[in-house]
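Each reported figure results from applying straightforward, stated rules to the coordinates on display, with no laboratory input. Predicted, not measured: the structure shown is a model, and the values here were computed from it. For neighbour counting, all protein chains shown are included, and Cβ atoms are generated from backbone atoms with ideal geometry for every residue, glycine included.
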Amino acid sequence: MKIISDLLLMGVGGGGCALSQAITAKANVSIKVLGVDTDAMSSRASEIDGFDFLLIGGARFAGHGAGGDIVNGRLAVQDDFKNLDPFLEGIRTVVIVTCLGAGTGGGATPEILKYLHERGINTLCFATLPFEFEGSSRRELSLRGLSLIADNADTLITIPLDDLYTQSGSDNLKEANVQAVEILGSGISLLWRMLCMPGYIQIDTERLRSLAVSGTKARMGFAASDDVLERAHLVVKQLGDCKLLKNPVGKPAKAEALLVGVIAGDDLMLSEISVMMKGITGLFEKCSRIEMGTVQDPFFEGRIEVVVFAFENGSKPLSESFASDVPSLDQPPVADVLPVSRNLRKGRVKGKVSKLSFGPTGRGPFQNSEPTIYEGVDLDVPAYIRYGINIEK
């Protein structure tokens, strides 16, 4: 089993810390996990192997929480930004889970995302929205926080709790909660399983990163079946009915790229994969890019679980992006988008594109030299290119 040392799972707020515990328990692989909260009670999660905990705003709130105030959540993390640094050494991608509505999740998450972006760390954020019965004011606060998260996360996956609990199939509060956490934990943990315990069809961290940095929104759907004869068809039907994958009018949401993860035992058949992939792509007819991976686990003998991440705007695989952006001989050489676009946000860059000539790789006179790599960054590429800063010639 591989250990992905540059990938971090971070739970923000009490709800985010609780979900991180569920994901860790479900994944059954070694995950770097950090819980961040203003409430010291969340530190109980640190009893789990490999789970670190950071109390923020301790000087302000003495570990008693943010009192449901997003301003307090924001101030708490601003007090303790530097305390995040030891947990970010060597990290290139952070998957954040947070519950919006008020307090630490809504206030601290956007600030943490900004902090990570400034350090060139890619981010994939899962954010839950409160139940409708929790009231309009809580809903409005959550949407305000969601807007700030969307501005700072590379990819945002929004999960309305009403839709998640509907998929649980139970009206009993306790049972529905267990099922909902199971669904969310299974879906997110499958990301780590695909990377750490790859099956015969593999996906690597770079392909995952190229999807995560596309600067867009995404949806997540989950389905499972242990029917002996029809499990592949039943999984497709469940995904077709999954409210988490639908737009407000009940149709499959727009998706230009899909990431599909399949976990099963060694009894997984090629014909079943074919049925599932044909059915899933049929739900998203305009999808132009599909990435998939499988995980074989003896514990899942007789059962299939599938998670689908539907990305609203799909980026091309890195190799295709590079090939399509190489200038022709008739054009003046300009720094290509590969070193720049991975840390850019839509709407961040204004003005004319720089015409400073550093060739199609952005490495200029160092193009044919061994790259100078420090903490994953090619130092031969000028800083203004790496950080997307436009300089007029």
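Output the peptides 165-175, 269-279, 102-112, 201-211 sorted from most to least packed, where packing is the average of other Cβ atoms within 10 Å over each peptide's residues. Could you put the intermediate results ahead of the total?
Values: 165-175: 13.1, 269-279: 14.6, 102-112: 27.7, 201-211: 17.5.
Top of the packing list down: 102-112, 201-211, 269-279, 165-175.
For segment 100-218, what does the relative contact order come out to in percent, with C-alpha contacts under 8 Å and a separation of six or more? Don't skip to the end; give the middle numbers.
Numbers: 133 pairs, mean separation 34.7, N = 119.
Worked out over segment 100-218, it gives 29 percent.
Quick one: Cα centre-to-centre distance for segment 183-234 and segment 76-99, in angstrom?
So the two Cα centres are separated by 24 Å.
Please list 180-186, 224-230 highest first by mean number of surrounding beta-carbon atoms within 10 Å per residue. Spell out each step's value before the answer.
Working: 180-186: 21.0, 224-230: 12.6.
Highest to lowest by the protection proxy: 180-186, 224-230.
From zero up to wherever the largest Cα-Cα distance of segment 216-311 sits, split into 10 Å bins and tell me the percent of pairs in each.
Percent of pairs per bin, in order: 17, 52, 26, 5.
Among DSSP beta bridges lying fully in segment 36-150, give the percent that are antiparallel, nearest 5. Provide the component values of the computation, followed by the final result.
Values: 1 of 10 bridges.
Of the beta bridges lying entirely in segment 36-150, close to 10 percent run antiparallel.
7 Å from Cα along Cα→Cβ at both Glu312 and Phe131: what's the point-to-point distance in nm?
Rounded to a tenth, the inter-label distance reads 2.7 nm.
Taking a 32 Å limit on the Cα-Cα distance, which of the listed pairs Lys26/Lys254; Lys32/Lys251; Lys174/Lys243 fall beyond it? Numbers along the way, then the final one.
Values: Lys26/Lys254 29 Å; Lys32/Lys251 36 Å; Lys174/Lys243 21 Å.
From Lys26/Lys254; Lys32/Lys251; Lys174/Lys243, over 32 Å: Lys32/Lys251.
Can you give the FRET efficiency to the nearest 0.05 for His64 and Ser288, using r as the Cβ-Cβ distance and R₀ = 30 Å?
Working: r = 50 Å, r/R0 = 1.65.
Calculated transfer efficiency: 0.05.
Let's test the formula: R0 of 30 Å, r as the Cβ-Cβ distance of Val178 and Arg139. What FRET efficiency results, to the nearest 0.05?
0.75
Size of the dipole of segment 7-153 about the Cα centre, Lys and Arg at +1 and Asp and Glu at -1 on the beta carbon, nothing else charged, in debye to 20?
Details: 12 positive and 16 negative charges, 41 e Å.
Charge dipole, segment 7-153, about its Cα centre: 200 debye, nearest 20.
Add +1 for every Lys or Arg and -1 for every Asp or Glu among the other residues with Cβ under 11 Å from the Cβ of Val94, and state the total. Don't skip to the answer; put the middle values down first.
Working: positive: Lys32, Arg92, Arg119; negative: Asp6, Asp154.
Cβ neighbours under 11 Å give a net charge of +1.
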